[in-house]
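Written below as structure tokens is the structure these notes are about.
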Amino acid sequence: NPEPLNHEPEYKRVNSDRWMIGLLLGLTLLAYGPVWKADFITADDQNYIRQNPHLQKGLSWEGMGWAFSLDRLWDRRHCDYWQPLTFVSRMIDVELFGFNPSMHHGMNLLFHAANVLLVYGLLRQMTGALGRSALAAAWFAVHPLHVESVAWVTERKDVLSGFFFLLTIFAYHRHALAPSLWRYAAVIILFAMGLMAKPVVLTLPIVLLLLDHWPLRRWPVASNDCKRQIFLVIEKFPLALLSCISVAFTLVLHAQAIGHGTMIETGGLMVLGYGVYLLKAFLPTGLAFFHPAPVSLPVGWMLAAALTLVVITVAVCRQGTRHPYLATGWFWFLIMLAPGIALKEMLWAERFAYLPNLGLYILFAWMLGDATRRRPRLKRGMKAALGLTLGCMVILTWRQAEYWRDSLALFGRAIAVTENNWLAHTNYGYSLAQMGRIDEAILHFQTGVRLHSNSGSAHNSLGAALARKGDLQGAVRHFQSAIQQEPDLVIAYSNLGAAFTQMGQVVDGDRAFRRALEINPDFAMAHFGLGNNLLQEQKVDEAMAHFARLAGQEPASAEVQYKLALCLALKEQTQEARIRIAVASRLNPRANYVRRLQQDIQTHRIAAESRGSHQNSPSGRR
């Protein structure tokens with residue numbers, strides 16, 4: 001190590017570390033104070049957590065089997081790629097706290113705080129530098145760009161994969177100090193766990209080579225020491241193999257998310273994306289949920305970004321011998337950002353900067369340390385400036401975290417600071433619709449459809465709002481457009497079935513519900529809608545099968561228990577029907593299910609008699 005830890009007395013080092021750890025924890029908890037009062041948001045939190053049937057029971061063997069099952073790789077309903085450890089952590093949350101959003105946010109913050117301490121501990125151990133390590137960790141702790149990764153419950157995968165990523169580097173450092181098979185096995189296991197939290201850490205083998213260069217100094221200075229260089233590269237092969245497997249899974253699942261434009265367009269967007277991330281690292285303004293890619297490439301900005309990247313890279317390479325931390329920090333940023341920067345329809349996403357920006361923090365912390373090492377006056381002024389900068393970051397992070405308190409605030413902010421943000425308009429409209437403000441919601445849904453007519457979810461949301469307003473014909477058109485754009489959008493089929501049923505086209509409604517269940521056999525809305533239709537058609541046995549399956553999936557639903565009781569009563573299974581009515585009454589004491597059951601039984605019997613008399617009439621026989 002260039003700056004060994006034993007350059008100061010042990011007691012003084014321990015006391016200094018304690019003060020720094022307390023300061024870093026205090027800054028982190030202060031900056032993210034608003035997340036404790038935040039709610040789940042409509043974007044992904046509902047599908048991945050609240051409405052995920054595999055999380056309803058908390059930590060269970062059945063849920064664990066689902067989380068680790070490779071068959072789930074092709075199931076996009078409750079996840080977008082293989083992340084079993086992330087789902088296990090959510091199951092533990094549900095087991096301990098239920099669906100209390102404050103505690104789910106608190107666990108995200110706990111993992112982020114642990115990552116801050118890991119960053120400090122790693123840099124402190126590898127370099128021995130107290131102030132620089134603390135500065136890099138402090139920037140990592142309170143930079144506003146990291147709010148999305150911490151304040152969004154769905155992004156547990158960011159903070160959890162970062163946790164295992166940093167633990168892997170800890171294990172690698174121990175292996176580098178005293179190589180052994182068992183220590184290297186720990187590196188492999190921790191890296192595999194990081195990939196099972198989120199594949200974004202797949203570039204870690206290259207990051208370890210950068211750390212071999214600095215600060216571990218394992219990479220030979222002499223260019224003719226080829227054996228040593230080859231050994232260090234081969235040493236990373238098991239880790240690279242895990243990365244390749246993860247890349248294969250991710251490419252198969254996200255083939256539609258990779259840019260399909262020309263190489264020039266894709267390359268231009270990537271260069272522009274690097275420029276945006278670099279700019280936001282120093283000027284974190286205009287942060288928002290989802291940033292759509294520009295309709296046309298801004299050539300001037302793209303050339304400026306390319307020139308900036310080239311100039312910085314050349315300068316880093318020229319100064320790499322005198323200041324090796326420059327190469328480690330800069331190429332850490334470039335390499336770790338690469339996996340997420342090529343996604344189509346997105347210029348940049350703040351969550352992708354969570355681990356890559358750590359390279360920039362390391363680079364500038366050591367640059368400032370070198371600049372002020374022998375200049376006491378400059379050092380005092382720099383400390384004051386850094387204190388002011390951290391204070392401003394805490395304020396900005398606090399303000400940004402406040403926008404995550406609910407969906408309306410979050411998506412309203414995104415609409416205010418971005419342009420052509422169809423996803424923000426769609427989610428904002430959904431939040432308005434939940435509040436009963438349908439007319440306002442329709443305006444935002446229409447804007448979302450206009451900005452992105454290929455979005456099935458936007459068409460489906462607009463159709464649902466129109467259906468609530470009574471415009472069933474318009475709703476059907478948009479549900480069909482949603483299905484045309486996304487043939488496997490199960491919610492659109494279910495909504496289409498409900499609209500057809502309201503229009504009296506029960507057969508068409510049945511067909512749509514059955515198609516929804518072909519895509520997702522567990523989709524509750526389709527089971528419920530189809531069960532109701534089958535009851536109208538006097539197909540009590542089939543209807544009861546759907547309601548019985550629903551009762552197993554949602555045992556706390558009073559309406560499902562009532563529908564099952566109605567089916568049992570129509571089949572004259574009186575005792576079982578009474579049991580279900582008792583359960584429904586216990587779940588919803590305000591509803592008079594007994595009287596309702598009597599009325600519905602009478603209604604179905606009259607309908608059956610009416611159908612029978614119609615079939616026996618001369619017109620019926622014809």
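The values are calculated or read from the model by the stated rules, or taken from the named source; none is laboratory data. As the structure is a computational prediction, the values presented were derived from the model and not from experiment. All Cβ positions, glycine included, derive from the backbone under ideal geometry; neighbour counts span all protein chains shown. Note: areas computed on protein heavy atoms with side chains; ligands, DNA, RNA excluded. Shrake-Rupley method; radii C 1.70, N 1.55, O 1.52, S 1.80 Å.
Brief remarks on what is shown
- Residue pairs whose Cβ atoms lie under 6 Å apart, separated by 6 or more positions or on different chains, with the first residue in the range 222-242 and modelled with pLDDT under 95 and the second part of a loop (DSSP other than H, G, I, E, B), are R228/P220.
- Matching residues, the range 499-529, being under 32 Å from the mean Cα position of the chain (by Cα) and either open to solvent by less than 40 Å² (accessible area, probe 1.4 Å) or over 17 Å from H546 (Cα atoms) (or both): A499, A512, F513, A516, L517, N520, F523, A524, A526, H527, G529
- Scanning the range 450-481 for residues that are farther than 23 Å from T501 by Cβ and buried (at least 24 other Cβ atoms within 10 Å of the Cβ) returns a single hit, A458.
- Residue match in the range 161-172 (condition: open to solvent by less than 10 Å² (accessible area, probe 1.4 Å) and more than 25 Å from A365 (Cβ to Cβ)): no
- Residue match in the range 132-147 (condition: open to solvent by 10 Å² or more (accessible area, probe 1.4 Å), in contact (Cβ under 8 Å) with a residue 12 or more places away in the chain, part of a helix (DSSP H, G or I) and not hydrophobic (A, V, I, L, M, F, W, C)): yes
- The number of residues in the range 460-507 being outside any helix (DSSP H, G or I), closer than 23 Å to L534 by Cβ and either without any contact (Cβ under 8 Å) to a residue 12 or more places away in the chain or small (G, A, S) (or both) comes to 2.
- Residue selection: M103 satisfies the criterion of being open to solvent by 10 Å² or more (accessible area, probe 1.4 Å), of a type outside the set (F, W, Y) and in a helix (DSSP H, G or I).
- Identity of the residue in the range 541-579, basic (K, R) and open to solvent by 80 Å² or more (accessible area, probe 1.4 Å), that ends up nearest to the chain's Cα centre (by Cα): R549
- Of the residues R183, R218, R174, R228, the single one that is out of contact with any Gly (no Cβ under 9 Å at 6 or more places or on another chain), among the basic types (K, R) and outside any helix (DSSP H, G or I) is R218.
- Candidates in the range 28-71 are the residues that are in contact with a Lys or Arg (Cβ under 8 Å, 6 or more places away or on another chain) and small (G, A, S); of these, the one that is surrounded by the most Cβ atoms within 10 Å (Cβ to Cβ) is A38.
- Selection status of P238, under 30 Å from A67 (Cβ atoms) and touching a Phe, Trp or Tyr at 6+ places or on another chain (Cβ under 7 Å): no
- Condition check for F111: open to solvent by 10 Å² or more (accessible area, probe 1.4 Å), among the hydrophobic types (A, V, I, L, M, F, W, C), part of a helix (DSSP H, G or I) and at pLDDT 95 or above: yes
- Near pairs, Cβ below 7 angstrom, 6+ apart or cross-chain, from the range 409-431 (of a type in the set (D, E, K, R)) to any residue that is assigned to a helix (DSSP H, G or I): R413/Y403
- Failed criterion for R90 (all others in (1) modelled with pLDDT under 95; (2) part of a helix (DSSP H, G or I); (3) surrounded by fewer than 22 Cβ atoms within 10 Å (Cβ to Cβ) hold): (3)
- Yes/no for A176 being among the hydrophobic types (A, V, I, L, M, F, W, C), touching a helix residue (DSSP H, G or I) at 6+ places or on another chain (Cβ under 8 Å), free of Cβ contacts under 8 Å to residues at least 60 places away in the same chain and farther than 27 Å from S69 by Cα: yes
- Among the conditions (1) open to solvent by less than 50 Å² (accessible area, probe 1.4 Å); (2) within 18 Å of L85 (Cα to Cα), the only one that M193 does not satisfy is (1).
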